[in-house]
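Every number in this text was worked out from the coordinates using simple rules, so none of it is lab data. Just so it is clear, the structure is predicted and the values come from calculations on it, not from any experiment. Cβ coordinates were reconstructed from backbone atoms using ideal geometry, including for glycine residues, and neighbour counts include every protein chain displayed.
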Amino acid sequence: MIAPAGQPRMQEARLPPAALPDWWDPGAMALLLVDLQQGTCGDAQPRPRPAFDVQFRAHTLPAARRALEAARQAGLEVIHTVIANLTADGRDRSLDYKRCDMGFAPGSRAAQVIPELAPRADELVLPKSSSSPFSSTTLDYLLRNMGIRTLVVIGLLTDQCIDHTVKDAADRGYRVVCLTDACQAETPERHRAALACFRGYSELVSVEAFVAAAET
């Protein structure tokens, strides 16, 4: 409608564009899924963990699936790590993994990513034999070759492999984003304590906030 002469035109109301968080860096960002495999949260676990499994299936897994879908739709690099020995007897494992008897045989079902988060073609899958993939894989080399500056981390366990990964990544100069509700420890108390421990190394972000940034 044209305003009568002498009257100001009504301007169309426009909403300001959504402000993206400063950690959102899609051209140089990767999603790292840590140890979401049959031997840690699937059907090949070495011991039953009923309470852990209930929490994982009800909350952590749905959050991880949302994060993975959003990352793929946004065109981010996606990298999976799995606990897997390079040798049949596990002699290549870190001292920590040997002492706590952690490790799965190469090529075993326990070393496979769970089907709900199965890698797509051309997504990297790195077997690791230490808490941090920076210690026992070529992750740092690969990230630098792909121009990654920001690493988004999800997976297991918050107070072990996630903690080590976050701190190692930060010490190597990467900006780290931990999606808190897509990570899990053996208990909620240990999960919260770990987040408090490494909050100085990482942005602590919900999956909802990550998805919102990916969809903007």
Q. If Lys and Arg each add +1 and Asp and Glu each add -1, what is the summed charge of the other residues whose beta carbon sits under 11 Å from the beta carbon of Thr187?
A. 0
Q: Starting with the fewest neighbours, write out Thr158, Thr137 ranked by other beta-carbon atoms found within 10 Å of each beta-carbon.
A: Thr137, Thr158
Q. Pick from Tyr201, Tyr174, Tyr141: which is most flexible by mean-square fluctuation in a GNM of the chain where alpha carbon atoms under 10 Å apart are linked?
A. Tyr141
**Q.** Mean separation of Cα contacts under 8 Å, 6 or more apart, over the residue count of the stretch 96-216: relative contact order %
**A.** 19 percent
(Q) Net charge within 14 Å of Pro21 by Cβ-Cβ distance, Lys/Arg positive one each and Asp/Glu negative one each, not counting Pro21 itself? (A) -4
Q.
Sort 28-40, 84-96 by packing, meaning the average of other beta carbons within 10 Å per residue, with the highest value first.
A. 28-40, 84-96
**Q.** Förster-model FRET efficiency, 22 Å R0, Ala88 and Glu123, C-beta, rounded to 0.05
**A.** 0.25
**Q.** For the stretch 58-67, 3J(HN,Hα) per residue [Karplus equation, 6.51 cos²θ - 1.76 cosθ + 1.60, θ = phi - 60°, Hz, x = Gly/Pro]
**A.** 7, 10, 5, 5, x, 5, 5, 5, 5, 5
(Q) For the pair Arg144/Asp101, report the inter-label distance in nm, with labels modelled 7 Å from Cα in the Cβ direction. (A) 3.9 nm
Q.
For Cα pairs less than 8 Å apart in space and 6+ apart in sequence, what is the mean separation divided by the residue count of the chain, i.e. the relative contact order in percent?
A. 25 percent
Q.
Give me the base-10 log of I(q)/I(0) for the stretch 97-216 at each q in 0.10, 0.19 Å⁻¹, Debye formula, one uniform scatterer per Cα, rounded to two decimals.
A. -0.32, -1.25
Q: With Rg/Rh (Cα atoms, Kirkwood Rh) defined as stated, name the option among (1) 1.07; (2) 0.97; (3) 1.12 computed from the structure displayed.
A: (3)
Q: Between beta-carbons, use under 10 Å as the cut-off and find the net charge around Gln160, counting Lys and Arg +1, Asp and Glu -1.
A: -4
Q.
I need the phi-derived Karplus couplings for the stretch 180-195: 6.51 cos²θ - 1.76 cosθ + 1.60, θ = phi - 60°, integer Hz, Gly and Pro marked x.
A. 4, 7, 9, 10, 8, 10, 5, 9, x, 5, 5, 4, 5, 5, 5, 4
(Q) Run lengths n ≥ 4 of DSSP H only: what is the helix-derived mean residue ellipticity at 222 nm for the chain, with -39500 (n - 2.57) per run over all residues, to the nearest 500? (A) -8000 deg cm²/dmol
